[in-house]
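The structure appears right after this line, and notes come after that.
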Amino acid sequence: GTWPTGWWERGQVVVDDHAILLPPGGAPDGSRWEVGLYDPVTGQRLRPMHSSLGAIEHDAIVVPTGP
C-alpha cells in the first residue's frame, strides 16, 4: 500500500500482502472471489495484468476459496 503503481518499473515484483478472512469451512458454495487493481481517482479497474512471462492476462486474479 505504500508503493504506487505509477512508480513500478517493467518486470519489477511488488509484494503487497492483504489478508482475506473467509468463514469457517471456506467461502459459500458457488462463490468466486477476484482481486484486481483500481485507479484511486476514477475507481476504474486497471488492466491488463501481465503474467510473469509477459503474456496479457485478465484484469483480475481469482482467489481460491475452498477449505
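Say we look at region 21-49 and pick out the residues that are among the hydrophobic types (A, V, I, L, M, F, W, C) and modelled with pLDDT of 75 or more; which of these is nearest to the chain's Cα centre (by Cα)?
Here the answer is Val35.
Please go through region 1-31 and give me each residue that is among the hydrophobic types (A, V, I, L, M, F, W, C), farther than 16 Å from Val62 by Cα and open to solvent by 90 Å² or more (accessible area, probe 1.4 Å), ordered by number.
Across region 1-31, the qualifying residues are Trp3, Trp7, Trp8, Val13, Val15.
The values are calculated or read from the model by the stated rules, or taken from the named source; none is laboratory data. Nothing here was measured: the structure is a model prediction, and the numbers come from that model. All accessible areas refer to the heavy atoms of the entire protein, side chains included, with ligands and DNA or RNA removed. Shrake-Rupley method; radii C 1.70, N 1.55, O 1.52, S 1.80 Å.
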